[in-house]
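Only one structure is covered here, and it is reproduced in the block below.
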Amino acid sequence: MSKTYYDPADLRKFGNITEWNEELGTKFFDYYGKVFEEGALSAREKSLIALAVSHVVQCPYCIDAYTKDGLQRGIDKSEMMEAVHVGAAIKSGATLVHGVQMMNKYEKLSM
């Protein structure tokens, strides 16, 4: 079996972060739980958003967790991939729009 830096088994240990700082860990998990409750957005919609964001921030644990969660909520592979493309488009756009900063700086420096 090949060993990777990100051990999928570590995802199950996530709750253990409270052991080193119970107050902040508990506050985080309370907040996290509230965020994913049904609200203006359904739990299914939030799961799909979380999957897209997981790819943008490149969190393999989150990708695993929200792929599984999405499957349990009836999200199919085409919806998942479309969400990933939405995330990629936003990340690409954010990168490219910063090109305006470079263009402005170039124009200022080359006068």
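The values are calculated or read from the model by the stated rules, or taken from the named source; none is laboratory data. Quick caveat, the model's predicted, so the values are computed rather than measured. Please note: Cβ atoms are built from the backbone with ideal geometry, for glycine as well, and neighbour counts cover all protein chains shown.
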* Restricting attention to region 12-58, and to residues there that are among the polar types (S, T, N, Q) and more than 19 Å from residue 75 (Cα to Cα), which single residue is farthest from the chain's Cα centre (by Cα)? -> 21
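Conditions (1) loosely packed, with under 13 Cβ neighbours inside 10 Å; (2) in contact (Cβ under 8 Å) with a residue 40 or more places away in the chain; (3) under 24 Å from residue 14 (Cα atoms); (4) touching an Asp or Glu at 6+ places or on another chain (Cβ under 9 Å), marked per residue:
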position: 64; (1), (2), (3), (4): no, yes, yes, no
position: 72; (1), (2), (3), (4): yes, no, yes, no
position: 76; (1), (2), (3), (4): yes, no, no, no
position: 83; (1), (2), (3), (4): no, no, no, no
position: 103; (1), (2), (3), (4): yes, no, no, no
position: 109; (1), (2), (3), (4): yes, no, no, no
* Asked: Does residue 39 qualify as being surrounded by fewer than 14 Cβ atoms within 10 Å (Cβ to Cβ) and part of a loop (DSSP other than H, G, I, E, B)?
  -> yes
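A quick yes/no check of all residues on (1) modelled with pLDDT of 95 or more; (2) under 27 Å from residue 91 (Cβ atoms); (3) assigned to a helix (DSSP H, G or I):
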residue: 2; (1), (2), (3): no, no, no
residue: 12; (1), (2), (3): no, no, yes
residue: 23; (1), (2), (3): yes, no, yes
residue: 31; (1), (2), (3): yes, yes, yes
residue: 46; (1), (2), (3): yes, yes, yes
residue: 50; (1), (2), (3): yes, yes, yes
residue: 67; (1), (2), (3): yes, yes, yes
